[in-house]
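See structure below.
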Amino acid sequence: MGRITSAANRPTVCSGCGAIPDYLQVDTLHEPDAFPTALVAGLAVVSGDAWDGQRRRCVVCGAHFEYTYDHDSQSGVGYGYTDETNERLFAFETRADGTLTLRSVSMRVTGAMLRDQIRDRRAMHVETIDRITALEIDAWSFGDAPPEIGDLPALDLIWFKPCGLTSLPPSVSSLSRLARLWIHGNPLTDLPTGLASLPVLEPVSLANTAITRLPDTLTTGRVSFTSFEANVVPPAWRASFVADYSEILVWLSAHGAAISQWDSGAWSHEDRYHLEVTLPGTEANALRRQVPQPFAMASDTDGVIELHAAGRAGADVIVVRVRD
Ligand SMILES: [Zn+2]
């Protein structure tokens, strides 16, 4: 197969590993090329052996690689080959202000690999770990995020692109500078309760996650409802809902909130399942076109739309006053 290489266009090139392609594979049995040992001479072995995948790191920036020696020399079941592969797992990219982004490069990275990368970087002391202000992970099947994320105290951005992230550790709640937590599109079922105490955290979008129940300590100001389908509304949110009509507006109009159970308690002045909201005319028109489940249109007169819960006894009512 010869030699296969690929490399991303990086904003900064490390003096130790910048010349190494992100992915380098050489068939050293059938091809005249030898594996370019000199090219990877700046990588030190961290752990493992070459048959399973040996972890190596750049002695300058600490970025992790995985080296594999895969020998299958014409054993009778196939063509036979000897591949030597060196794949970059993570990169540290310097931004204009001198801070660093820790970014996954291989789609194979896992939570365990990220844990090892952070631990190893911390142990190297080549640069202080508090220069890392952004963490960006892109992977096929990442799984649980490791608690070592909490060891990156300067993080202001954590971005898990849709990568199969299943959980965040409680240590995320110790990142006092964290402003942007982008996790939408991942199958998380829960969030760390301590997130609510982070002073500069912006609203977290829960679009396309599996989260249906949130900690009471999270207020509406910290969570974006866009596309969020709540099955159970935490009690602590009630006051915010009633006080902030714009939240209800988003909730109703964006996705037809599939509410299967409303938390008991004083939702409004008249009845615990009686909400009154005021919407702009355009939003009210959208509501007329698409009534959110499980509600049905009961009446629509004189700028007042009344929705009743379908198929349920009791007084599940939303009264919408149209504001023009
Ligand atoms: Zn490097």
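The values are calculated or read from the model by the stated rules, or taken from the named source; none is laboratory data. No experiment lies behind these values; they were computed from the predicted model shown. Neighbour counts are summed over all protein chains in view; Cβ atoms, including those assigned to glycine, are modelled from backbone coordinates with ideal geometry.
A few notes on this one:
- Looking only at segment 43-65, and only at residues there that are assigned to a loop (DSSP other than H, G, I, E, B) and within 11 Å of the ligand (Cβ to nearest atom), the one that is nearest to ARG88 (Cα to Cα): ALA63
- Total residues in segment 43-67, condition touching a Leu at 6+ places or on another chain (Cβ under 8 Å) and modelled with pLDDT under 85: 0
- Some residue of segment 85-94 being within 11 Å of the ligand (Cβ to nearest atom) and of a type in the set (Lys, Arg): yes
- Some residue of segment 183-199 being in the same structural domain as SER104 (by TED's automatic domain parsing), among the charged types (D, E, K, R), assigned to a loop (DSSP other than H, G, I, E, B) and modelled with pLDDT under 95: yes
- Evaluation of LEU100 against (1) away from the ligand (no atom under 16 Å from the Cβ); (2) farther than 23 Å from TRP140 by Cα; (3) in the same structural domain as ASP130 (by TED's automatic domain parsing); (4) not β-branched (Val, Ile, Thr) (one fails), failing number: (1)
- The one condition in (1) at pLDDT 95 or above; (2) under 21 Å from PRO21 (Cβ atoms) that THR82 fails to fulfil: (1)
- A search for C-beta distances below 8 Å between a residue of segment 43-68 that is in contact (Cβ under 8 Å) with a residue 60 or more places away in the chain and any residue that is near the ligand (Cβ under 9 Å from one of its atoms) and of a type in the set (D, E, K, R), counting only pairs 6+ apart in sequence or on different chains, returns VAL46/ARG57.
Conditions (1) among the β-branched types (Val, Ile, Thr); (2) under 19 Å from TRP159 (Cα atoms); (3) part of a helix (DSSP H, G or I); (4) at pLDDT below 90, marked per residue:
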{"residue": "GLU87", "(1), (2), (3), (4)": "no, no, no, no"}
{"residue": "ASP97", "(1), (2), (3), (4)": "no, no, no, yes"}
{"residue": "VAL109", "(1), (2), (3), (4)": "yes, yes, no, no"}
{"residue": "ILE118", "(1), (2), (3), (4)": "yes, yes, yes, no"}
{"residue": "ARG121", "(1), (2), (3), (4)": "no, no, yes, yes"}
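- For segment 20-42, the candidate set comprises residues that are within 30 Å of the chain's Cα centre (by Cα) and either within 15 Å of the ligand (Cβ to nearest atom) or modelled with pLDDT under 85 (or both); within that set, the residue that is farthest from ARG108 (Cα to Cα) is ILE20.
- Of the residues in segment 130-138, at least one is under 18 Å from SER15 (Cβ atoms) and within 16 Å of the ligand (Cβ to nearest atom).
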